[in-house]
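Reviewing the structure listed below.
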Amino acid sequence: MNLTILIIGNILICLLVFFLTKDFMHPGFLFCIPWITFLTLLVFSNYEYDGSSLCYIYLLFGTIVFQLGCFLGIKKIKRKERLINTDNQFYFVNFKSLKLIMIAEGLFVLFILFIYLIFMRSHFHINIFLTFHTSQFQLPYAGIIGYCRNMFSAFGICMVVGYPRIRLEEREKYKKYILIQLPMYFFMTITRITRNEMLFAALPLFIAFIIVTKQKNAQVFKKMFIAVILFLVVFSTVAIMKYYDIFINGNYISNLYNQIVLYGSGGIVAFQKQFDIMDFESYGGANTLRFFQAVFDKLAGTHYAMPLIQEFSPIGMGEVTNVYTFYQWYANDFGIIYALFVQFIIGIIHGVFYRKMSKMNVLGIYVYCLLVHPLVMQIFQDQYSALTSSWLQYLIAGFVFLKTDIIFGRSARKNGFHLYLEADR
């Protein structure tokens, strides 16, 4: 069966990548883990998939071209470089600016809390998550809250990423600010409504912690295992509350398992069904360049941009899904070969920023942490060009917080002399 070949192929590639790099944080290794997990769960599901479909050979080619692109982007790098701080410059913390930003963040958190409490009074239905799920398009100030939440989430990640670059004598005081930041970051994460958005916020912060604390493989594996357990707890809690009617009338364990399999494996089945009959559109780049069309629509008052939410497709067992893996988004533009080409470019991008992260370049660490989310979500849907607006917001905020003197100053006073420190390259 081609599905079996795909699973074995991903396992062998995963082992080869780890043998060559000895690093759990390598993008080639992280790429394979979700595919191996949910392809295996698919085998034991009752969905209407065809294990002999050529789609699974195609997906194996997708894994290969990503790995080739990734190693091309990385060039030569050894894992030990990630455990050595190659940036010998140290910076002072502008605690006054840091305090002002955190006060603004605290006020924003209170604003969200106030708006949501008011909203709940008139729209409450059974529980909090079900209320927001059924009425999310009616939430007031949704656009403003979304933009500000992205900015403060970027700020939280930058605080962690910037920790290794600050002077040793300021780190204890800086840790206290991080401890104040974490509860606010957590609140903004759990109020993002969907599980995907929660992961979008939580995963980069977790990866940043792993990198800046220079965790070794055994430590990385342990913390990743704990993180997966925590995610499953959150996933299960949100699933029960959002789909309360389903869970209240059935077996909780069985329903939770079905939710996990549907979340991770449903898109594969939906893509395979499209692939088998080559039911792809010819959008001519409308998906890849959606952001620019959306900007034009905003300026011209038109509505040409492709919708992010797609139509549902049946996958068996009475289940439907509207996600079709990373590949469908680009196959609908110029076909399945184009989707492989994009995968190759994506691999190069991940490789380049893995190299920068390994050399402890702070902006490189920041971007690498952000890229892990769309990487592990490829099995679900594209989150690269489809989320260009969000990436621009995060990148602009990251540049401001990490490459200017707002938080981490490039000059410091010591013994009456003014010392100037170069920015990291």
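The values are calculated or read from the model by the stated rules, or taken from the named source; none is laboratory data. Because the structure is a prediction, the values reported are computed rather than measured. Cβ atoms come from the backbone with ideal geometry, glycine included; neighbour counts cover every protein chain shown. Keep in mind that these areas ignore ligands, DNA and RNA; they rest on the heavy atoms of the full protein, side chains included. Shrake-Rupley method; radii C 1.70, N 1.55, O 1.52, S 1.80 Å.
Kindly indicate whether Tyr304 is part of a helix (DSSP H, G or I) and either surrounded by fewer than 19 Cβ atoms within 10 Å (Cβ to Cβ) or acidic (Asp, Glu) (or both). Steps first, answer last, please.
Working: part of a helix (DSSP H, G or I): no; either surrounded by fewer than 19 Cβ atoms within 10 Å (Cβ to Cβ) or acidic (Asp, Glu) (or both): yes.
Here the answer is no, as Tyr304 does not meet what is asked.
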I'm told Thr325 meets every condition in (1) open to solvent by less than 60 Å² (accessible area, probe 1.4 Å); (2) more than 18 Å from Phe280 (Cβ to Cβ); (3) touching a Gly at 6+ places or on another chain (Cβ under 8 Å) except one. Can you identify the failing condition by its number? (2)
Output the number of residues of the stretch 314-347 satisfying the condition of being within 25 Å of Val372 (Cβ to Cβ) and among the hydrophobic types (A, V, I, L, M, F, W, C). 11
Since Ser53 meets every condition but one in (1) open to solvent by less than 60 Å² (accessible area, probe 1.4 Å); (2) under 24 Å from the mean Cα position of the chain (by Cα); (3) modelled with pLDDT of 95 or more, which condition does it not meet? (2)
Which pairs have Cβ atoms under 6 Å, sit 6 or more apart or on different chains, and link a residue in the stretch 299-320 that is of a type in the set (D, E, K, R) to one that is open to solvent by less than 100 Å² (accessible area, probe 1.4 Å)? Glu319/Leu262
Those residues that are in a helix (DSSP H, G or I), out of contact with any Gly (no Cβ under 9 Å at 6 or more places or on another chain) and open to solvent by 30 Å² or more (accessible area, probe 1.4 Å), I need them from the stretch 339-384; list them, please. Phe341, Val376
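Only one of Asp405, Asp424 is within 29 Å of Gly143 (Cα to Cα), surrounded by fewer than 22 Cβ atoms within 10 Å (Cβ to Cβ) and modelled with pLDDT under 90; which? Don't jump to the end; show me each part of the working.
Working: Asp424 fails: within 29 Å of Gly143 (Cα to Cα).
Answer to the check: Asp405.
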The lone exception for Asn251 - which of (1) modelled with pLDDT under 80; (2) under 28 Å from Ile112 (Cβ atoms); (3) surrounded by fewer than 16 Cβ atoms within 10 Å (Cβ to Cβ) it fails: (2)
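So, Phe291, is that one part of a helix (DSSP H, G or I) and open to solvent by 30 Å² or more (accessible area, probe 1.4 Å) or not?
Details: part of a helix (DSSP H, G or I): yes; open to solvent by 30 Å² or more (accessible area, probe 1.4 Å): yes.
The answer is yes for Phe291.
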Residue within the stretch 185-193 that is surrounded by 15 or more Cβ atoms within 10 Å (Cβ to Cβ) and charged (D, E, K, R) present: yes
Which of the residues spanning the stretch 161-184 are crowded, with 18+ Cβ neighbours inside 10 Å and outside any helix (DSSP H, G or I)? Gly162, Ile166
Out of curiosity, is Gln274 surrounded by fewer than 22 Cβ atoms within 10 Å (Cβ to Cβ) and in contact with a Phe, Trp or Tyr (Cβ under 6 Å, 6 or more places away or on another chain)? no
Could you go through the stretch 68-77 and let me know if any residue there is within 30 Å of Ile277 (Cβ to Cβ), buried (at least 16 other Cβ atoms within 10 Å of the Cβ) and either at pLDDT below 80 or not aliphatic (A, V, I, L, M) (or both). yes
Taking first residues from the stretch 389-405 that are without any contact (Cβ under 8 Å) to a residue 24 or more places away in the chain and second residues anywhere that are open to solvent by 50 Å² or more (accessible area, probe 1.4 Å), the pairs with Cβ under 7 Å that are 6 or more apart or on different chains are Val400/Ile406
Out of all the residues in the stretch 142-159, is one or more within 22 Å of Ser390 (Cα to Cα), in contact with a Gly (Cβ under 8 Å, 6 or more places away or on another chain) and either among the small types (Gly, Ala, Ser) or surrounded by fewer than 12 Cβ atoms within 10 Å (Cβ to Cβ) (or both)? yes
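Yes/no matrix, rows are residues, columns are (1) modelled with pLDDT of 95 or more; (2) open to solvent by 30 Å² or more (accessible area, probe 1.4 Å); (3) basic (Lys, Arg); (4) within 22 Å of Gln259 (Cα to Cα):
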{"site": "Met1", "(1), (2), (3), (4)": "no, yes, no, no"}
{"site": "Leu6", "(1), (2), (3), (4)": "yes, no, no, no"}
{"site": "Asn10", "(1), (2), (3), (4)": "yes, no, no, no"}
{"site": "Thr21", "(1), (2), (3), (4)": "no, no, no, no"}
{"site": "Trp35", "(1), (2), (3), (4)": "yes, no, no, yes"}
{"site": "Leu39", "(1), (2), (3), (4)": "yes, no, no, yes"}
{"site": "Glu48", "(1), (2), (3), (4)": "no, yes, no, yes"}
{"site": "Ile57", "(1), (2), (3), (4)": "yes, yes, no, no"}
The lone condition Ala239 fails out of (1) at pLDDT below 90; (2) open to solvent by 40 Å² or more (accessible area, probe 1.4 Å); (3) under 23 Å from the mean Cα position of the chain (by Cα) is (2)
